[in-house]
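First comes the structure, then the notes that go with it.
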C-alpha cells in the first residue's frame, strides 16, 4: 500500500477528515485551490456575523487547525502533506473578514488568497520552510490571508468610496 493510499484511508478518522478538507485535499490537481472552495462553503453561512463573532469563529478554527494539522502531519510523518487543506479553509475565511457582500467579493477574496498562498511573499515562504508542526502548517496561510485581506479591503475602499 502506497503512502497516499494509506493517507486516503485516514479519512475514516474525523481528525484527518477535517484536516483533509472532507477529502477535497485529495483532488488530483490543485488540492489547495479545491480545499479553498470548502472555505467558501464555510464562509457563506457565517458572512453575516458581526465582525467580532466572525473573527472569534476564525480564531477558533485556527486553533483547532493547529491541533488537527499537527496530528495528521505527525501520523503521516510528512511536514505538510499536500492533502492537508484545513489551513486553506481558515486562511480564506480570514481573507474574507469584513469583506463586502456578494459573489464578486467572494471570488476576489478567493483569487487574492490563492495568489498570496501560492506566491508566498516574504516572510511567508520562510515560515513555511522553517516552522514545523500544526502551527507551521497554519501560520503561512494565515499570513497569506492577511495579505489578501489588506488588498481586498483596499480594493473595496477604492470601489465603494
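Restricting attention to region 111-161, the residues that are crowded, with 20+ Cβ neighbours inside 10 Å and more than 16 Å from the chain's Cα centre (by Cα) add up to 1. Scan region 94-106 for residues that are surrounded by fewer than 24 Cβ atoms within 10 Å (Cβ to Cβ) and in a helix (DSSP H, G or I) and the total you get is 4. The single condition among (1) closer than 19 Å to residue 45 by Cβ; (2) outside any helix (DSSP H, G or I) that residue 109 does not meet is (2). Among the residues of region 117-127, some residue qualifies, meaning at least one is touching a helix residue (DSSP H, G or I) at 6+ places or on another chain (Cβ under 6 Å) and without any contact (Cβ under 8 Å) to a residue 24 or more places away in the chain. Within region 135-154, residues that are free of Cβ contacts under 8 Å to residues at least 12 places away in the same chain and at positive phi reach no partner that is crowded, with 19+ Cβ neighbours inside 10 Å and in a helix (DSSP H, G or I) with beta carbons closer than 9 Å at six or more positions or on different chains. The number of residues in region 59-80 being surrounded by fewer than 24 Cβ atoms within 10 Å (Cβ to Cβ) and assigned to a helix (DSSP H, G or I) comes to 14.
Among the residues of region 81-93, is there at least one that is without any contact (Cβ under 8 Å) to a residue 60 or more places away in the chain, over 30 Å from residue 157 (Cα atoms), part of a loop (DSSP other than H, G, I, E, B) and touching a helix residue (DSSP H, G or I) at 6+ places or on another chain (Cβ under 7 Å)?
Yes: one or more hits.
A short reminder: the numbers here are calculations on the coordinates, not readings from a lab. The structure displayed is predicted, hence computed values, not measured ones. When we count neighbours, we look across all protein chains shown, and the Cβ atoms used for this are built from the backbone with ideal geometry, even at glycine.
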